[in-house]
Amino acid sequence: MTHAIQPKPGVLEIRPYVGGESRIPGARDVVKLSSNENPFGPSEAAKEAIRKAVHQLHRYPSTDHTALRTAIAEVHGLDPARIICGNGSDEIITLLCQAYGGPGTEVIHTEHGFGMYRISALAAGAAPIEVHEQERKVDVDAILDAVNFRTRLVFIANPGNPTGTMIGQNEVGRLAADLPEHVMLVLDGAYAEFVDGYDGGAKLVDERENVFMTRTFSKIYGLGGLRIGWGYGPAHAIDALNRVRGPFNLSELQMAAAEAALKDEDYVDRCRAENTRMRAWLAKGLNDLGVPSDTSFANFVLARFESVEEADACEAHLRSEGLLVRKTAGYKLANCLRITVGDEASCRRVIHAMTAFKDRDG
């Protein structure tokens, strides 16, 4: 049935984003490895900050996020005036599309890129343009070939999700340098903290006027349930985004937890080290079973199977064993499963269940 009241063009083309499953009806001892969460949760410092912040929930929060922006700037060596905070990095992505996208414009993303790029572009009235990747890695030349006078934004995740792959800083710099002046390159650094010594593209942002970086507290900081993200960009872009950002988009509780988590660098270092250790162990275990994966720079492994049927059967078997992983058909990787790197016990359960699956089908 057609209604007289219609949303603007593009909205009804959106396929709502579906997060990773967290429950199996009737099952106990379920391990969720479908949303790339930190298996160790947030730091004790963040939890304590939350306990203290509840006493101020009757107060409206700061509208300029000064304390959190200052803390981010101090830890990462950035200019606090060029930082913007949001309700997860998803909101920063949405604000970018609202500010720069619109009818008659185009937003480029890669074929295996994060689903929110397409959703946010369509919601803003822009046309999402998908370009191919090369063996599950961002292809800079393919992106440049797709750019035209309608292009306003180019989104790439580095490391990528759900691939876990990265392109080098020279390639990222080449992309930024070769884009026309009217196009903003957005570097999604949701998984940047899992790469030792990687700045997520911050240095490139400082060098250029057409590069913007997004980051999140949802992954290594273990604060996915609070929804806190931030962006760093040229002053003109921060000014534009602050004009469309809601004034109270973050609560004091969110900001207090994020600031405490950010300053607990020892905890982050431990989480990174453990992720690196178990990621290598999990990838080797899968490879020994005949399930290859690309070298991952994130907190998950993208396991590749010989067919879509085998991937679906393996996912069903893991589910029957209380293990939830992510099917990636929606990212045009139907023969793959994305498996979050959990704690050691969880990773061992995965390999044990996968071994049984392979023995059953072998």
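Taken together, the values in this text are just the output of simple stated rules run on the coordinates, not laboratory data. What you see is a predicted model, and the numbers here were worked out from it, not measured in a lab. A quick note on method: Cβ atoms are made from the backbone with ideal geometry, for glycine too, and the neighbour counts reach across all protein chains shown.
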Residues Glu44 and Ala273, FRET efficiency given R0 of 22 Å [Cβ-Cβ distance, rounded to 0.05]: 0.80
Tally of Lys pairs whose C-alpha atoms are under 18 Å apart, taken over the chain, 8 or more apart or cross-chain: 8
Antiparallel DSSP beta bridges within region 55-180, percent to nearest 5: 10 percent
Whole-Hz couplings from phi, Karplus 6.51/-1.76/1.60, listed for region 344-349; x for Gly and Pro: 4, 4, 5, 4, 5, 5
Taking Tyr191, Tyr267 and counting other C-beta atoms within 10 Å, the order from fewest to most: Tyr267, Tyr191
Fully extended contour minus Cα-Cα distance, from Asp312 to Gln6, at 0.36 nm per residue: 106.4 nm
Cα gyration tensor, region 152-289 - rounded (a/c under 1.5), prolate or oblate: oblate
Residue-by-residue Karplus 3J(HN,Hα) for region 247-253, coefficients 6.51, -1.76, 1.60, Hz, glycine and proline x: x, 10, 7, 10, 7, 4, 4
Within the chain, percent of DSSP bridges classed antiparallel, to nearest 5: 45 percent
Sites Arg360 and Lys332 - FRET efficiency at Förster radius 30 Å, r taken between beta-carbons, to 0.05: 0.60
GNM result for the chain, Cα springs below 10 Å: residue of Ser251, Ser307, Ser296 fluctuating most strongly: Ser307
Debye-sum result for region 62-180 in log10 I(q)/I(0), which assumes one identical scatterer on each alpha carbon, at q = 0.10, 0.12, 0.17, 0.23 Å⁻¹: -0.35, -0.50, -0.95, -1.28
Length-normalised contact order of the chain in % [C-alpha pairs under 8 Å, at least 6 apart]: 23 percent
GluC sites (Glu not before Pro) lying in DSSP loop within region 104-144, provided at most 11 other Cβ fall within 10 Å: Glu135
Largest to smallest principal axis extent of the C-alpha atoms in the chain, angstrom: 58, 51, 50
Segment Val18-Ala177, extension gain: residue separation times 0.36 nm, minus the distance between their alpha carbons: 53.8 nm
Alpha-carbon Rg/Rh ratio, for region 100-169, with Rh computed the Kirkwood way: 0.97
In nm, spacing of pseudo-spin labels at Asp79 and Arg348 (7 Å Cα→C-beta vector): 5.1 nm
Cα-projected label distance for Asp196 with Phe248, points at 7 Å along beta-carbon direction, nm: 4.5 nm
Nearest-20 debye value, the chain charge dipole, Cβ charges on Lys, Arg, Asp, Glu: 980 debye
